[in-house]
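Below is one structure; the comments refer to it alone.
The values are calculated or read from the model by the stated rules, or taken from the named source; none is laboratory data. Keep in mind it's a predicted model, so treat the numbers as computed, not measured. Using ideal geometry, Cβ is built from the backbone for each residue, glycine included, and neighbour counts are taken over all protein chains shown. Accessible surface is based on the protein model in full, side chains and every heavy atom, while ligands, DNA and RNA are left aside. Shrake-Rupley method; radii C 1.70, N 1.55, O 1.52, S 1.80 Å.
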Amino acid sequence: MTITLITGANKGIGFETAKQLLELGHVVYIGARDAERGEKAAAQLGARFVQLDVTDEASVASALTTIDAAEGRLDILVHNAGILETEVNGPAALRSFDTNVVGIVRVTEAALPLLRKSSNPNVVTVSSSMGSFWAVTNPERPEFAMPLHLYAASKSAVTMLTLQYAKSQPGIKFNALEPGTTATDMTAAFGIGRPVTESARVVVRLATLDSSGPTGTLQDEAGELAW
Ligand code: NAP
């Protein structure tokens, strides 16, 4: 049995990733900050639920303690929880970085002892091509014309964290990805994006790498994406 935790999995890309990994036979823990939304999503999929707010140290610690008590290890961690703030000011910057960046540090640090007990530990981070310096400086890419200051800056940090963890934890795979522009609540105001089923496949591909798979990469569905 593969034990998998997905943060922010009560809806959107995280929910669909949970569905696809359950279909592959994983034991999936749906991490959600809101118990009612998380329990409902888990019941709908036949997954397990853990209350997990990535901005709350106690909630993160308690979620990993619950998984440790039940499973004794964690094989796959999917950092999926994220927010997109369109305003640019100090409070919005703090919220963006607290959820998108510091949340990843909190969850990774709490999960490392459990990941080290796995025979094929794998951490997949849903970042964004908005955080790619190559994409936002390339006039031929859609990211070039999207001024999402806080989201882009936070996702650059997310990708860098992935790379730093890959280097410091050679026994654990750490890869970041761009899932593809997807129609979710996050993008509803822009009216853009493809179905979650297609984007979740990109997450599932990296989540199901075997032990010889790459680490320290940024990928999209076409393969490696430039930093
Ligand atoms: P979404 O439908 O808005 O889902 C975001 C999820 O994150 C929700 O479950 C949300 O929970 C959760 N979340 C937010 N803050 C949280 C917190 N403090 N603790 C725990 N969970 C929290 O958006 P999505 O499009 O599926 O986004 C998933 C990931 O894909 C994000 O990291 C996003 O940046 C990334 N991404 C998306 C696109 C796209 O085109 N959609 C493109 C590139 C990257 P609540 O329901 O409680 O709010």
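Which of (1) within 11 Å of the ligand (Cβ to nearest atom); (2) charged (D, E, K, R); (3) over 26 Å from Gln20 (Cβ atoms) is the odd one out, the single condition Asp220 does not satisfy?
The number of the failed condition is (3).
Please work out which one of (1) open to solvent by 20 Å² or more (accessible area, probe 1.4 Å); (2) at pLDDT 95 or above is the condition Pro147 fails and give its number.
Failing condition for Pro147: (2).
Considering the stretch 185-213 alone, what residues qualify as being within 12 Å of the ligand (Cβ to nearest atom), crowded, with 16+ Cβ neighbours inside 10 Å and outside any helix (DSSP H, G or I)?
The answer is Met186, Gly193.
Determine whether Ala153 is open to solvent by 10 Å² or more (accessible area, probe 1.4 Å), among the small types (Gly, Ala, Ser) and out of contact with any strand residue (DSSP E or B) (no Cβ under 9 Å at 6 or more places or on another chain).
Spelling it out, Ala153 is indeed open to solvent by 10 Å² or more (accessible area, probe 1.4 Å), among the small types (Gly, Ala, Ser) and out of contact with any strand residue (DSSP E or B) (no Cβ under 9 Å at 6 or more places or on another chain).
Return yes when Thr125 is in contact with a His (Cβ under 6 Å, 6 or more places away or on another chain) and open to solvent by less than 40 Å² (accessible area, probe 1.4 Å) and no when it is not. Before you say what the answer is, go through the steps one by one.
Working: in contact with a His (Cβ under 6 Å, 6 or more places away or on another chain): yes; open to solvent by less than 40 Å² (accessible area, probe 1.4 Å): yes.
Judged against the criteria, Thr125 is a match.
Select from the stretch 1-50 the residues that are basic (Lys, Arg) and over 17 Å from Val196 (Cα atoms) and write down the one among them that is farthest from the ligand (Cβ to nearest atom).
Result: Arg48.
Hey, among the residues in the stretch 170-184 that are within 13 Å of the ligand (Cβ to nearest atom) and at negative phi, which one's surrounded by the most Cβ atoms within 10 Å (Cβ to Cβ)? Spell out the reasoning first.
Step one: list which residues in the stretch 170-184 are within 13 Å of the ligand (Cβ to nearest atom), which gives 176-184.
Keeping just the survivors that are at negative phi gives 176-179, 181-184.
Numbers: Ala176: 30, Leu177: 26, Glu178: 24, Pro179: 27, Thr181: 16, Thr182: 20, Ala183: 16, Thr184: 19.
Among those that are within 13 Å of the ligand (Cβ to nearest atom) and at negative phi, it is Ala176.
Would it be correct to say that Gly90 is near the ligand (Cβ under 9 Å from one of its atoms) and out of contact with any Leu (no Cβ under 7 Å at 6 or more places or on another chain)?
no
Go through the stretch 51-82 and count every residue that is in contact (Cβ under 8 Å) with a residue 24 or more places away in the chain, under 24 Å from Pro179 (Cα atoms) and within 15 Å of the ligand (Cβ to nearest atom).
9
Quick check on this structure: which one of Asp56, Asp75 is of a type in the set (Asp, Glu) and either over 18 Å from the mean Cα position of the chain (by Cα) or open to solvent by less than 40 Å² (accessible area, probe 1.4 Å) (or both)?
Selected residue: Asp75, the only one of Asp56, Asp75 that is of a type in the set (Asp, Glu) and either over 18 Å from the mean Cα position of the chain (by Cα) or open to solvent by less than 40 Å² (accessible area, probe 1.4 Å) (or both).
Pairs only if they're at least six apart or on different chains, beta carbon under 6 angstrom, first in the stretch 143-161 and under 10 Å from Ser132 (Cα atoms), second modelled with pLDDT of 95 or more and among the hydroxyl-bearing types (Ser, Thr, Tyr); list them, first residue then second.
From the stretch 143-161, the pairs are Glu143/Ser129; Lys155/Ser127; Lys155/Ser128; Thr159/Ser127.
With respect to the numbered conditions (1) more than 20 Å from Pro142 (Cβ to Cβ); (2) open to solvent by less than 70 Å² (accessible area, probe 1.4 Å), which one is the sole condition not fulfilled by Lys167?
Unmet for Lys167, out of (1) more than 20 Å from Pro142 (Cβ to Cβ); (2) open to solvent by less than 70 Å² (accessible area, probe 1.4 Å): (2).
Quick test for you: out of Ser118, Ser127, Ser96, pick the one residue that is in contact with a strand residue (DSSP E or B) (Cβ under 6 Å, 6 or more places away or on another chain) and either within 14 Å of Ala61 (Cα to Cα) or not aliphatic (A, V, I, L, M) (or both). Spell out the reasoning first.
Working: Ser118 fails: in contact with a strand residue (DSSP E or B) (Cβ under 6 Å, 6 or more places away or on another chain); Ser96 fails: in contact with a strand residue (DSSP E or B) (Cβ under 6 Å, 6 or more places away or on another chain).
The match here is Ser127.
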